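Trainee: Right, I'll just put the structure down here and ask away after.
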Amino acid sequence: MSAYEKGLKTKSVPTDHEHIVLTFENNRLATQLFGQFDEHLAMLEHRLGIEAIARGNTVDISGPADATRRARLALEHLYARLEAGERIDNGDVDGAIRMSAVEDQLSLPTLDKGGRLAMARIGTRKKVIQARTPTQDAYIRAMDRSQLVFGIGPAGTGKTYVAVAYAASLLERGAVDRIILSRPAVEAGERLGFLPGDVKEKVDPYLRPLYDALYDMIPGEKVERAIASGVIEIAPLAFMRGRTLSNAAIILDEAQNTTPVQMKMFLTRLGENSRMIVTGDPSQIDLPAGQTSGLIEALAVLEDVEGIARVAFSAADVVRHRLVEAIVNAYDAADRRRRSAPPGGASATVAGRRRP
């Protein structure tokens, strides 16, 4: 039974205004649900334009009918996670608010049989990764269905993080024997030969985001042992040539910086019982001027190939600081103005090829 159904009462008033009272049985969990100094309720108020007042283990919610419905869905979902022993933070609250908006907009199973939000999730040894946007939900479901998935879009949308979480979950439940993480090693005109150290020391800085995501999913000592034994391999793209990768979860990050030859080489490494996830942002290409991106070409060439999923993220899916979404939107607007300006016009020099 949902928290709403357990609630004391539901009362509608004229116009589109609604008032509901939700009661949560466990006082300790209700305190965690509302947040320190009711900060989670404050997020609901700010984002949905409602009023939410906590009294012990109950919360009074009033505001526009659709907004109060979304607040109820978000709170019930978060409370169910707390009951399952999970912890929630501001990011989880933000995700629940975003997902509460899509019940009638997307063909996703957004509600379970109990009337709660049913967001796609990935279980790893250290944490449960839950979709925080409708596109993340579609991304996780696409990885369940397809052997090859392209995740494209701006920074901060969780493309790489979610992909690494999915790979870690496949390894932990024995669905694959190893994880292979790769990305182009040379970016923004820098050359590996200018960096000190051996090959591993040269490429590690470029692969650090993949390491960071791994350590978030798997205990550190297990990551180190898996890397030492070859169960987890983190390597630059050049090391993939000539291999057939079977029984593996394979991720190519920053794929916009591959050449067409490199991309074809990588995609044809896919072997039996493997999953491949390719992530990148077509707006952040660091290849020399005039060089075609392998990611952009692959998306066009493979558009009609069955069994390949393509998930496009946008600025609305940014799950970092709220300012990141605004920054992405501002740069997108500048890019549109630059492209629409007449040659040689004042707007032609706005922004470079790469967004910071």
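What follows draws every value from the coordinates through simple rules; no lab data is involved. It should be emphasised that the depicted structure is a prediction, and the values quoted were computed from it without experimental measurement. Cβ: placed from backbone, ideal geometry, glycine included. Neighbour counts: every protein chain shown.
Trainee: For q = 0.10 Å⁻¹, what log10 I(q)/I(0) does segment 235-343 give under the Debye formula with an equal point scatterer on each alpha carbon and no solvent?
Mentor: -0.38
Trainee: Can you give me the long-range amide H partners of T157? Hydrogens built in the peptide plane at 1.01 Å from N, cutoff under 5 Å, separation of 5 or more residues or another chain.
Mentor: Excluding prolines and chain starts, which carry no amide H, the hits are V319.
Trainee: Let me make sure I get this right: for segment 287-339, a, b and c are the square roots of the gyration tensor eigenvalues over alpha carbons, sorted descending. Under 1.5 in a/c it's rounded, otherwise prolate if a/b > b/c, else oblate. Which is it?
Mentor: Judged from the Cα gyration tensor, segment 287-339 comes out oblate (a/c at least 1.5, b/c at or above a/b).
Trainee: How much length is gained on full extension from D89 to E25, taking 0.36 nm per residue of separation minus their Cα-Cα distance?
Mentor: Answer, rounded to one decimal: 21.0 nm.
Trainee: Assuming R0 = 35 Å, can you tell me the calculated FRET efficiency for the pair H46 and R141, based on Cβ-Cβ distance, to the nearest 0.05? Intermediate results must be reported in sequence, preceding the final value.
Mentor: On the way: r = 30 Å, r/R0 = 0.85.
Calculated transfer efficiency: 0.75.
Trainee: Something else about it: Please list 3J(HN,Hα) in residue order for segment 125-135, calculated via the Karplus relation 6.51 cos²θ - 1.76 cosθ + 1.60 where θ = phi - 60°; whole Hz, with x for glycine and proline.
Mentor: 4, 9, 7, 9, 9, 10, 4, 10, 9, x, 6
Trainee: Starting with the highest mean, order 225-231, 249-255 by the number of other Cβ atoms within 10 Å, averaged over the residues of each peptide.
Mentor: Packing order, densest peptide first, comes out as 249-255, 225-231.
Trainee: Here's something else I'd like to know. Using θ = phi - 60° and the Karplus curve 6.51 cos²θ - 1.76 cosθ + 1.60, what whole-Hz ³J(HN,Hα) does each residue of segment 17-23 get, with Gly and Pro shown as x?
Mentor: Once θ is set to phi - 60°, the couplings for segment 17-23 become 8, 9, 10, 10, 10, 9, 10 Hz.
Trainee: Run the simple label-point estimate for E221 and D60 please: 7 Å along Cα→C-beta, distance reported in nm.
Mentor: For E221 paired with D60, the spin-label model returns 5.3 nm.
Trainee: Between A235 and E172, what FRET efficiency follows from the Cβ-Cβ distance if R0 is 25 Å, with the result rounded to 0.05?
Mentor: 0.75
Trainee: Quickly work out the D304-to-S340 label distance, labels modelled 7 Å from Cα along the C-beta direction, and quote it in nm with one decimal.
Mentor: Reported label-point gap for S340 and D304 is 3.2 nm.
Trainee: If amide hydrogens are placed 1.01 Å from N in the peptide plane, which non-local residues have theirs closer than 5 Å to the one on M276?
Mentor: Counting only residues 5 or more places away or on other chains, the set is L148, V149, I250.
Trainee: Between the alpha-carbon centers of segment 212-275 and segment 281-307, tell me the distance in whole angstrom.
Mentor: After rounding, the separation between the Cα centres reads 19 Å.
Trainee: On to the next question. With just the Cα atoms of segment 200-257, tell me how far they stretch along each of the three principal axes, in Å, largest first.
Mentor: 30, 25, 19
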